[in-house]
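Participant: Pasting a structure below so you can have a look.
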Amino acid sequence: MKLIRTIKEMKIASSEYRSSGEKIGFVPTMGALHEGHLSLIDRSKEITDKTILSIFVNPKQFGANEDFKKYPRYLEKDLECAKGRGVDVVFSPTEDEIYTNDFKARIKMSDLSDRLCGNFRPGHFDGVATIVLKLFNITNPDFAFFGEKDFQQCVIIKRMVKELNIDIEIVTIPSIRACDGLALSSRNVYLSVEERKAASLIYQSLKEAQRLVMVERSSEVILKNVSKIIESTPFCNVQYASICTNDTLENVVVVNKKCRLILAVMCGKTRLIDNIELDPNEKTDL
Ligand code: AMP
């Protein structure tokens, strides 16, 4: 496995793969790797010839009062994990390699970026779309892999790729969860023992919503029930919960076809996000 630190070297490696006819899979991450990230790598290994993993904690997607400084960084451990999983290249540039002091470019996916999480994290998705496009241009992959855990991010990236005619196939992967259902996240390390225990209510509430939608079509009623379950513990507060369309993320008032329940929960000081598909017409075996 190669560790590459510069854009120039990364571009050379990628063009060598391409010129020998190999398909490139790209997995962008901010590191602190867990099984969720590794599931993206596994999928890339299945359908491509070379897998490039990027590890870059992107300052431009963090707000002024967010956790950029304390975001977990474990490069050595990540490199071991990546190697064990068969990654071909880890691209881990420094901040200076990626951004000049007067960096001006911003990709803004208009209202898609402003709703849901965007409403509470202004500028976050502009930062995400910008770094993803930049990394696409540097790694030049055929496929790129994203987790459904960040559902809004998946929608934004797919739309960006479509509208800007980027020749990369976006592959989305279901969320990997802990035994009690909590979606794996690099931020879960911030949780205290009590908070971690309480956080399992998030998935319980989502599963309950899947059950409820069989008999109740009102989003308002479903969402009230979700909040009631999550806020049954003093450790968790729902920041927002929304039922929205899969592709445009617009609010759904009455659930009569497949859509997505998306939420953010403050568990102590830690912000956790999750989502689940709601399909009123499918009898799920819950
Ligand atoms: P991050 O390092 O948090 O920016 O995540 C990098 C990629 O891993 C994104 O595409 C995430 O959606 C994905 N990811 C994060 N957590 C999970 C999870 N629990 N299951 C599947 N994919 C995940």
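Participant: Toward the positive end of the charge dipole of the stretch 3-82, about the Cα centre and with charges on Cβ (Lys, Arg +1; Asp, Glu -1), which of Ser15, Tyr74, Ile41 goes farthest?
Facilitator: Ser15
Participant: On to the next question. For the chain, build the charge dipole from Cβ charges (+1 Lys, Arg; -1 Asp, Glu) around the Cα centre, then report which of Thr270, Ala241, Leu182 sits farthest towards its positive end.
Facilitator: Of the options given, the answer is Thr270.
Participant: Next question, about the same structure. Using θ = phi - 60° and the Karplus relation 6.51 cos²θ - 1.76 cosθ + 1.60, list the HN-Hα couplings for the stretch 46-58 in order, rounded to whole Hz, with x at every Gly or Pro.
Facilitator: 5, 10, 10, 9, 10, 10, 9, 10, 9, 10, 7, 7, 7
Participant: Can you list residues from other chains, or at least 5 along the same chain, whose modelled amide H is less than 5 Å from the amide H of Ile107?
Facilitator: Thr130
Participant: Across the stretch 2-19, in residue order, what do the Karplus-derived ³J(HN,Hα) couplings come to in whole Hz, using 6.51 cos²θ - 1.76 cosθ + 1.60 with θ = phi - 60° and x for Gly and Pro?
Facilitator: Working through the residues one at a time gives 9, 9, 10, 10, 10, 5, 4, 4, 5, 5, 5, 4, 5, 6, 5, 4, 4, 6 Hz.
Participant: Please identify the GluC sites (Glu not before Pro) of the stretch 135-224 that satisfy two criteria: DSSP loop assignment and at most 16 other Cβ atoms within 10 Å. Which are they?
Facilitator: Details: sites: Glu148, Glu163, Glu169, Glu194, Glu195, Glu208, Glu216, Glu220; in loops: Glu216.
Answer by residue number: Glu216.
Participant: Using the Cα centre of the stretch 152-203 as the reference point, and only Cβ charges (+1 on K/R, -1 on D/E), how large is the resulting charge dipole? Debye, rounded to the nearest 20.
Facilitator: Value, rounded to 20: 80 debye.
Participant: If the only charges are +1 at each Lys and Arg Cβ and -1 at each Asp and Glu Cβ, what is the size of the charge dipole of the chain around the Cα centre, to the nearest 20 debye?
Facilitator: Numbers: 41 positive and 40 negative charges, 59 e Å.
Roughly 280 debye, rounded to the nearest 20.
Participant: Angle between the Cα long axis of helix 151-163 and the longest principal axis of the chain, 0 to 90 degrees, nearest 10?
Facilitator: Between helix and principal axis, roughly 50 degrees.
Participant: I would also like to ask the following. Only loop residues by DSSP count here, and only those with at most 16 other Cβ atoms within 10 Å; note down the trypsin sites (Lys or Arg not before Pro) in the stretch 221-286 that meet that.
Facilitator: Values: sites: Lys224, Lys228, Lys257, Lys258, Arg260, Lys269, Arg271, Lys283; in loops: Lys257, Lys258, Lys269, Lys283.
Hits after loop and neighbour filter: Lys257, Lys258, Lys269, Lys283.
Participant: Using θ = phi - 60° and the Karplus form 6.51 cos²θ - 1.76 cosθ + 1.60, what ³J(HN,Hα) does each residue of the stretch 116-125 get, whole Hz, x for Gly and Pro?
Facilitator: 6, 4, x, 5, 9, 10, x, x, 4, 6
Participant: If you don't mind, there's one more thing I want to ask. Please report, to one decimal in angstroms, the Kirkwood hydrodynamic radius of the stretch 8-94 built from all distinct Cα-Cα pairs.
Facilitator: Values: mean 1/r = 0.0724 Å⁻¹.
Taking every pair of different Cα atoms in the stretch 8-94, averaging 1/r and inverting gives 13.8 Å.
Participant: Over the chain, what is the relative contact order in whole percent, taking alpha-carbon pairs under 8 Å and six or more residues apart? Mind showing how you got there, number by number?
Facilitator: On the way: 507 pairs, mean separation 48.5, N = 286.
Relative contact order of the chain: 17 percent.
Participant: Which residues' amide hydrogens lie under 5 Å from the amide hydrogen of Lys23, considering only partners 5 or more residues apart or on another chain, with H built in the peptide plane?
Facilitator: Asp49, Lys50
Participant: What does the charge dipole of the stretch 25-107 about its Cα centre add up to, to the nearest 20 debye, if the Cβ of each Lys and Arg holds +1 and the Cβ of each Asp and Glu holds -1?
Facilitator: Values: 12 positive and 14 negative charges, 31 e Å.
In total the dipole reaches around 140 debye.
Participant: So, one more: Quick one: helix 200-212 against the long Cα principal axis of the chain, what's the angle to the nearest 10°, folded into 0 to 90?
Facilitator: It is inclined by approximately 60 degrees.
Participant: Classify the stretch 154-274: rounded, prolate or oblate, from the alpha-carbon gyration tensor (a ≥ b ≥ c, eigenvalue square roots; a/c under 1.5 rounded; otherwise prolate if a/b is larger than b/c)?
Facilitator: On the way: a/c = 2.22, a/b = 1.26, b/c = 1.76.
Oblate shape, in that a/c is at least 1.5 and b/c is the bigger or equal ratio.
Participant: Between Ala105 and Ile166, what is the spin-label point distance in nm, taking each point 7 Å from the Cα along the Cα→C-beta axis?
Facilitator: My value for the distance between the label points is 1.0 nm.
Participant: Cut-off 10 angstrom, C-alpha nodes, Gaussian network model of the chain. Which of Lys77, Lys45, Lys158 fluctuates the most?
Facilitator: Lys77
Participant: Within the chain, what's the longest run with no chymotrypsin sites (Phe, Trp or Tyr not before Pro) in a DSSP loop and at most 15 other beta-carbon atoms within 10 Å? Give the range, please. Spell out each step's value before the answer.
Facilitator: Numbers: sites that count: Phe68, Tyr74, Phe103.
After excluding every exposed loop site, the longest remaining stretch is 104-286.
Participant: For the chain, report the % of Cα-Cα distances exceeding 36 Å. Walk me through the intermediate numbers first.
Facilitator: Details: 6597 of 40755 pairs.
Above the 36 Å cut-off, the chain has 16 percent of its Cα pairs.
Values quoted throughout were computed directly from the atomic coordinates according to the rules given, and no laboratory measurement underlies them. Note that the coordinates shown come from a computational prediction; the quantities given were computed from them, not determined experimentally. Glycine gets a Cβ as well: all are built from the backbone with ideal geometry, and neighbour counts include every protein chain shown.
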